[in-house]
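Derivation of every value follows stated rules applied to the coordinates shown; laboratory data play no part. Please read all numbers here as calculations on a predicted model, not as lab measurements. Backbone-built Cβ (ideal geometry, glycine too); neighbour counts: all protein chains shown.
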Amino acid sequence: MFTSIVYAQTSTFADSASQIYTLEELMTVGIAILLLIAIILTIVFVLWWGFLLVISGGDEHKVHPAINMIRYSLIGLIVMIVIILVTPALSRAVGFETVGEKFSPGNIFQTMKCVSDRVFGNTDQSCFAVASGRTGYSSSGGGIPTFGGSSSQGGNSPNGVGNWTGDL
């Protein structure tokens, strides 16, 4: 009597949730997320303690903690970046070449860029695929307009030089 056709909706989240990731992929994405958080926190701490340093009025009880917290924030970020730069060399020296390739600074920073692009909605690409090196990640063309043409012909760009070739 009452018959109708029902279509199931597919979800990319369900597809990615059922996929099995390797330990290296999980660790690479985790390191990229931690490094992003460290960079954001360093910026917040430097700005906050810099503001407190400016409004301290020269009071030594307020100046020294502010300077020390700025110093410690920057030292912590530098230590994390040095660890990322040194890890591949140490893993190759010990004999773990594959670990050195997976945790290379280029791979970490590329995964970090993919994670930040995913947060701001610039890409739909899986950052786990970027972390494993299965795909070449490029954020260009993610809705960002590019210019074509030469400066002599004019065009439809805001400054009249070249033509828009991307979507706005």
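General remarks:
- Backbone N under 18 Å from the Ile81 label point (7 Å along Cα→Cβ), restricted to the range 20-64: 31-47
- Summing Cβ point charges (Lys, Arg +1; Asp, Glu -1) relative to the Cα centre of the range 21-137 gives a dipole of roughly 60 debye.
- Contour minus Cα-Cα distance for Phe109 and Asn122 (0.36 nm per residue): 3.0 nm
- Per-pair calculated FRET efficiency, R0 = 22 Å: Ile39 and Lys62 via Cβ, rounded to 0.05: 0.25
- Karplus 3J(HN,Hα) series, Hz, for the range 75-81 with 6.51 cos²θ - 1.76 cosθ + 1.60 (x for Gly, Pro): 5, x, 5, 5, 4, 5, 5
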